[in-house]
Structures are given as structure tokens and as C-alpha cells.
Amino acid sequence: MRSLIIIFAFWMGGPVLADSVIAARTIRPQTILTAQDLATSSDRTVGAYTEIAQMVGQETRVALYAGRPVRIGDIGPPAIVDRNQIVVLTYAAGGLTITTEARALGRGGVGEQIRLLNMASRVTVEGVILPDGTVRVR
């Protein structure tokens with residue numbers, strides 16, 4: 001099947017590659033992206049975004065430099081938990097639910113996994129950030 005796709009692509013005039021999305025200006029980390037921050041380039045970069053629409057509203061994780069392609073790991077969902085923030089930590093198994101406070105050891109957005117310091121036991125745990133800002137231990 002793969003060979004059929006390659007043959008079809010060359011028969012149609014060469015491999016079909018999408019443009020890369022580049023930063024229109026230098027953008028600092030922890031900035032929410034808008035359409036004005038981004039542009040497209042005919043240079044094709046492996047591992048770079050190809051559509052501006054899927055990037056608008058995301059937060060930069062690293063500095064993006066003008067004219068350079070934006071790679072998949074460079075942006076992510078906007079952070080709702082900051083480093084050193086006190087958050088509610090929950091653990092649920094069966095009918096048992098345990099709730100306590102924890103200090104975030106990193107920052108992250110909804111669905112991301114972060115490390116936390118359980119304030120009661122002083123044990124480091126990992127959990128997933130929920131939309132309401134609480135963190136669930138797996």
C-alpha cells in the first residue's frame with residue numbers, strides 16, 4: 001500500500017509536502033500565540049507544524065525566533081498550573097477518594113503530566129492536570 005502512495009505521488013508531479021509554519025517575529029516562552037505571530041514558509045521542515053489554525057491559542061514552551069520553523073514540542077496547551085503553585089491533589093480507586101494539597105514542581109496545561117510534592121507526606125508524585133486545575137494521581 002505504501003509503495004502505491006509513493007508511486008501515485010510521483011506520478012502526480014512529485015511528493016506532496018506541506019509548507020512549514022514559521023515565527024513571524026521573535027516570541028518569548030509562555031506567550032499565547034495569535035495568527036499575527038505566525039507565517040508560512042515554502043521550506044519544508046520535518047517535525048514542524050504545517051497549519052497556522054492548529055497553533056492559534058497554544059502557549060510557547062520555548063523561545064521562537066523569527067523566520068525559524070515551529071516544531072511540534074515548541075508549543076502546547078496554555079498552562080493553568082504554575083511552578084510552586086499549591087494545587088488540590090486527588091487519588092481515586094474504586095470507592096475511595098483521597099484529597100490533599102501539593103506543590104507543583106513544574107508548570108503545565110490541561111492533560112499534561114507534572115511532578116508534585118505532597119505537602120503532607122513530603123513525597124514526590126506525578127499527576128495529570130484536570131480542566132478545573134486539580135491534579136489526579138494515576
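Report the residue count in the stretch 51-68 for those that are in contact (Cβ under 8 Å) with a residue 12 or more places away in the chain, surrounded by fewer than 14 Cβ atoms within 10 Å (Cβ to Cβ) and of a type outside the set (A, V, I, L, M, F, W, C). Qualifying residue count for the region: 4. Scan the stretch 86-98 for residues that are touching an Asp or Glu at 6+ places or on another chain (Cβ under 8 Å) and open to solvent by 40 Å² or more (accessible area, probe 1.4 Å) and jot them down. Ile86, Val88, listed by residue number. For the stretch 69-85, the tally of residues that are surrounded by 12 or more Cβ atoms within 10 Å (Cβ to Cβ) and over 18 Å from the mean Cα position of the chain (by Cα) stands at 1.
The values are calculated or read from the model by the stated rules, or taken from the named source; none is laboratory data. Only a predicted model underlies this, so the values are computations on that prediction, with no experimental measurement involved. Note: ideal-geometry Cβ built from the backbone for every residue, glycine included; neighbour counts use all protein chains shown. These accessible areas exclude ligands, DNA and RNA; they are computed on the full protein's heavy atoms, side chains included. Shrake-Rupley method; radii C 1.70, N 1.55, O 1.52, S 1.80 Å.
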